[in-house]
Amino acid sequence: MGSPVGEQGRFDTEGPQHDVSIKAFALSKYDVTSREFTVFLQETGYQPAPCDRLQNMSWSSPGRGLAYPPYVGEPPRWPAVCLGWSDAQAYVAWLNDRVRRERPGLVSGDGPYRLPSEAEWEYAARADTVSARWWGDALGVGKANCNGCGSVFDYRYLADVDSFAPNAFGLYGMLGNAWQWTADCWHESYVGAPTDGSAWMDGACVKHVIRGGSWSNLPIFVRSAARSGSGAEGEYDYSSLAGFRVARTLP
């Protein structure tokens with residue numbers, strides 16, 4: 001886990017490289033989509049906080065089965081963004097409640113669904129590779145959506161979750177398009193990080209880890225090891241560009 005010292009674009013927060021043991025787990029093929037998150041809001045009336053308070057950019061959930069994404073006319077298969085870590089956790093809790101209702105007795109504890117740990121996310125993003133990106137060290141052309149990735153979406157807007165080829169694990173959009181929340185609290189390095197693949201939850205935890213980069217980021221952020229920390233309040237962060245995908249604990 002992490003990047004070698006000589007990797008182009010590397011940040012100090014990506015080290016030191018270390019070995020991690022990962023237990024089997026499942027990860028959703030795509031980011032949670034705008035349509036899927038809208039269904040959650042329609043059923044629950046949950047109201048996310050604005051991701052940009054200056055522009056009052058947010059999801060709208062007025063109740064009565066109504067809900068609207070941040071952008072007028074937002075395509076249903078865009079990744080759901082403008083979401084904080086707690087919004088992702090609220091969606092996961094709702095998903096687990098549905099499982100308990102529809103399959104009583106099948107789920108024990110909080111439920112099988114959760115956010116992936118940062119270690120699980122990187123394992124899934126790499127898809128058995130050690131290069132900077134799952135397709136190699138070079139950026140190439142049209143491999144992802146970012147500011148300089150050479151696609152028709154470059155630094156313009158989001159793309160549908162299945163707009164680019166999947167990695168070797170069959171996962172779409174692990175790099176670029178939208179940042180993805182993980183369960184972990186933010187730490188400035190991997191010194192003291194767990195080696196069992198679990199989420200690193202100690203410390204102040206005012207920020208959580210996001211991975212993958214987004215459509216507005218330069219290519220150096222679109223690497224398997226690139227990472228950042230984002231919080232709901234305070235200094236400018238990437239939450240307006242952040243979404244998530246769902247992991248599942250396996251027996």
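Answer yes or no: is there a residue in the stretch 150-164 that is in a loop (DSSP other than H, G, I, E, B) and under 21 Å from Arg10 (Cβ atoms). Looking for residues that are in a loop (DSSP other than H, G, I, E, B) and under 21 Å from Arg10 (Cβ atoms), one finds none in the stretch 150-164, hence no.
What residue, among those in the stretch 45-73 that are open to solvent by 70 Å² or more (accessible area, probe 1.4 Å) and of a type outside the set (D, E, K, R), is nearest to Asn96 (Cα to Cα)? Explain how you work it out, then say what you get.
Applying the first criterion (open to solvent by 70 Å² or more (accessible area, probe 1.4 Å)) to the stretch 45-73 yields 47, 53-56, 64, 68, 71-73.
Within this subset, residues satisfying the condition of being of a type outside the set (D, E, K, R) are 47, 54-56, 68, 71-73.
Numbers: Gln47: 19, Leu54: 34, Gln55: 33, Asn56: 30, Tyr68: 23, Tyr71: 28, Val72: 30, Gly73: 29 Å.
The residue in question is Gln47.
Of all residues in the stretch 1-26, those that are closer than 27 Å to Arg114 by Cβ have Cβ atoms under 7 Å from Cβ atoms of residues that are among the charged types (D, E, K, R) and open to solvent by 80 Å² or more (accessible area, probe 1.4 Å), 6 or more apart or on another chain, in Thr13/Glu188; Ser21/Asp196; Phe25/Arg248; Ala26/Arg248. Restricted to the stretch 87-117, and to residues there that are of a type in the set (D, E, K, R) and assigned to a loop (DSSP other than H, G, I, E, B), the residue that is nearest to Cys185 (Cα to Cα) is Asp110.
Applying the set (1) open to solvent by 20 Å² or more (accessible area, probe 1.4 Å); (2) over 20 Å from Asp31 (Cα atoms); (3) modelled with pLDDT of 95 or more to Ala165 leaves exactly one unmet item: (2). Ala125 meets the conditions (1) surrounded by fewer than 19 Cβ atoms within 10 Å (Cβ to Cβ); (2) at pLDDT 95 or above; (3) touching a Phe, Trp or Tyr at 6+ places or on another chain (Cβ under 9 Å) in every case but one. The failed one is (1). Contact annotation: residue pairs with Cβ atoms under 8 Å, 6 or more positions apart or on different chains, pairing a residue in the stretch 88-116 that is under 25 Å from Pro50 (Cβ atoms) with a partner that is in a strand (DSSP E or B) and open to solvent by 30 Å² or more (accessible area, probe 1.4 Å), are Val92/Tyr113; Val92/Arg114; Leu95/Tyr113.
Considering (1) without any contact (Cβ under 8 Å) to a residue 24 or more places away in the chain; (2) among the aromatic types (Phe, Trp, Tyr); (3) touching a Ser or Thr at 6+ places or on another chain (Cβ under 6 Å), the lone condition that Tyr68 does not fulfil carries the number (1). Count of the stretch 218-251 residues, restricted to those that are part of a loop (DSSP other than H, G, I, E, B), open to solvent by 50 Å² or more (accessible area, probe 1.4 Å) and modelled with pLDDT of 95 or more, is 1.
The values are calculated or read from the model by the stated rules, or taken from the named source; none is laboratory data. Remember, predicted model here, so these are calculated numbers, not experimental data. Note that each Cβ is placed from the backbone with ideal geometry, even for glycine, and that neighbours are counted across all protein chains shown. Surface areas here come from the heavy atoms of the whole protein model, side chains and all, with no ligands, DNA or RNA. Shrake-Rupley method; radii C 1.70, N 1.55, O 1.52, S 1.80 Å.
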